[in-house]
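Heads up: the structure comes next, in structure tokens.
The values are calculated or read from the model by the stated rules, or taken from the named source; none is laboratory data. All of these numbers come straight from a predicted model, not from anything done at the bench. Don't worry about glycine lacking a Cβ; one is built from the backbone with ideal geometry, like all the others, and counts go over all protein chains shown.
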Amino acid sequence: MKVRRKLLTIFGSARALLDEAALESYSYDSKVKGPKPLAVVFPRSLEEISRLVQLAEDEDIPLVARGAGSGAVGGAVPLKNSIIVCLSMMNRIESISTRDRVAVVEAGVVTRELQDEAEKLGLFYPPDPASSEHSTIGGNIATNAGGLRAVKYGVTRNYVLSLLVVCGGGRVLDTGPAVVKDAVGLDLTSLFVGSEGTLGIIAKARLRLIPKPEHTRTVLAEFVDLEAAIEAALEVLIRATPCALEIIDKSALDAAEAKRHGFVSRECGAALLLEFDGSRAQVDAEAVEVESVLIRSALAVRSSEDRREREQLWSIRRSLSPALYKRSPYKVAEDISVMPSRIPDFVRALDGICSRLGLEYAVYGHVGDGNLHVNLLPTLKDDPKVAEARALIFEEVWRLAGSISGEHGVGSSRIDAARRQLGEERLMAMRRIKGVFDPCGIFNPSRGIPL
């Protein structure tokens, strides 16, 4: 009760959620369920976050930072007797400089809102996770979100110039100047990107923008099977760098009813979705070159520069995860990452694993940078075959010198596998780093970094 009274003193009754029934809605993300938190608070300033951190340290209460709760691995799910720090009310775009191409934003700004405001000024914020309609900049930074355009433009880390972070003791750390080049000291900014809230609470970001591309063209290519689509994608990467290069297997296409809706033909066994952007001359040259490669093995190739038609094509890709949930309410998704050249080996191994276990699956994702979304589709809840398949899939990823996560992170659901992947030397280094910024161990403990 004492803690709750202090929370009300800092945040007031309107921004300190204590009602038991209301707290339930903050006990899960898009995939993982956890216990109800002790409280949910909605800070509006650095000062409030600092006071909260001091209180949490005094009372030994874990703090879990949260944006929109759109994560998939339990990184923003509460621990027992923890406080959720929801940044949704710190949602101001403070400034966008067209001369410097820099945006200063609070952590709760929705990704798509920043993209829209930048585009009004002729600028472009490239990171584009599938959740961009509701995910926040703070959450994107905490997980180093990637998305559809990473093959050409990179991931969130490539656009974060500096941060304001509240660390242990309530100290506010400015990680550096908002400049493109800074060769003084260690790169603290990159240390916090992808840290999953384990080192402090990200409150504000200074982000790099680029000029908005003049033209965009989307291409859809159909193939007889997944192997043919993968080989075509690898050939494309030799010839050009599309801003998006996505693959969708037959199982995923069927779940999205792509054939019934006329997006692909009945004969289609896999598809590639590509996008090109840049100047008119650049887009035309790359698209012509790539389409000449695709038609050698594709069943059909079509392209469009019309915004509405392009959005219809991309609606297939964005509908896949919910469509697969309808097919299997117990779907388990992984987002493994290997070098593109190893994708054929991985997909063959995946098919062998699932066939041997009698487990259905679907694959789609960012074939251009080797980050695939593997969806296991059991018919039963808590099917033991899923745990066995995950273990074998991770072993294959490590055999191919890859990573168990390309963009979703570790959270709570992959903590044991992360311990295996990182190894003791890297883990010790990470634990020591956490101790510097979080000496009391209150920031998202037992998430992201295996303790």
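Values computed for the structure shown
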| quantity | calculated |
| --- | --- |
| Residues satisfying the stated conditions in the range 221-242, i.e. crowded, with 24+ Cβ neighbours inside 10 Å and closer than 30 Å to L121 by Cα | P242 |
| Number of positions in the range 282-299 that are part of a helix (DSSP H, G or I), surrounded by 14 or more Cβ atoms within 10 Å (Cβ to Cβ) and hydrophobic (A, V, I, L, M, F, W, C) | 6 |
| Count of residues meeting criterion [in a strand (DSSP E or B), buried (at least 19 other Cβ atoms within 10 Å of the Cβ), small (G, A, S) and over 11 Å from the mean Cα position of the chain (by Cα)] in the range 97-152 | 1 |
| Selection status of G370, on the phi > 0 side of the Ramachandran plot, within 23 Å of the chain's Cα centre (by Cα), modelled with pLDDT of 95 or more and surrounded by 19 or more Cβ atoms within 10 Å (Cβ to Cβ) | yes |
| Residue in the range 383-403 that is surrounded by fewer than 16 Cβ atoms within 10 Å (Cβ to Cβ) and of a type in the set (S, T, N, Q) present | no |
| Index of the failed condition, D284 passing every other in (1) of a type in the set (D, E, K, R); (2) over 21 Å from the mean Cα position of the chain (by Cα); (3) assigned by TED's automatic domain parsing to the domain that holds V367 | (3) |
| Qualifying residues in the range 213-235 (those that are farther than 17 Å from L148 by Cα and part of a loop (DSSP other than H, G, I, E, B)) - the one farthest from the chain's Cα centre (by Cα) | V224 |
| The lone exception for V32 - which of (1) surrounded by fewer than 15 Cβ atoms within 10 Å (Cβ to Cβ); (2) modelled with pLDDT under 90; (3) not hydroxyl-bearing (S, T, Y) it fails | (1) |
| Residue in the range 251-264 that is nearest to V374 (Cα to Cα), counting only those that are touching a Leu at 6+ places or on another chain (Cβ under 7 Å) and not in a loop (DSSP other than H, G, I, E, B) | A252 |
| Verdict on V40 being of a type outside the set (K, R) and either closer than 25 Å to K381 by Cβ or in contact (Cβ under 8 Å) with a residue 60 or more places away in the chain (or both) | no |
| Conditions (1) surrounded by 24 or more Cβ atoms within 10 Å (Cβ to Cβ); (2) within 24 Å of the chain's Cα centre (by Cα); number of the one not met by I49 | (2) |
| Among (1) at pLDDT below 95; (2) touching a His at 6+ places or on another chain (Cβ under 9 Å); (3) not hydrophobic (A, V, I, L, M, F, W, C), the one test that D277 misses | (1) |
| Residues of the range 182-196 classified as within 26 Å of the chain's Cα centre (by Cα) and free of Cβ contacts under 8 Å to residues at least 60 places away in the same chain, total | 7 |
| Search result, residues across the range 15-40 that are over 24 Å from the mean Cα position of the chain (by Cα) and under 15 Å from M90 (Cβ atoms) | R15 |
| Residue satisfying condition, being of a type in the set (G, A, S) and at pLDDT below 95, within set G139, G122, G108, G146 | G146 |
| Filtered residues of the range 154-212 (kept if of a type outside the set (V, I, T), touching a Ser or Thr at 6+ places or on another chain (Cβ under 8 Å) and part of a loop (DSSP other than H, G, I, E, B)) | R171, G176, P177, A178, G194, E196 |
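Let's see how each residue does on (1) touching a strand residue (DSSP E or B) at 6+ places or on another chain (Cβ under 8 Å); (2) in a helix (DSSP H, G or I); (3) free of Cβ contacts under 8 Å to residues at least 40 places away in the same chain:
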site	(1), (2), (3)
L237	yes, yes, no
C268	yes, no, no
L273	yes, no, no
R308	no, yes, yes
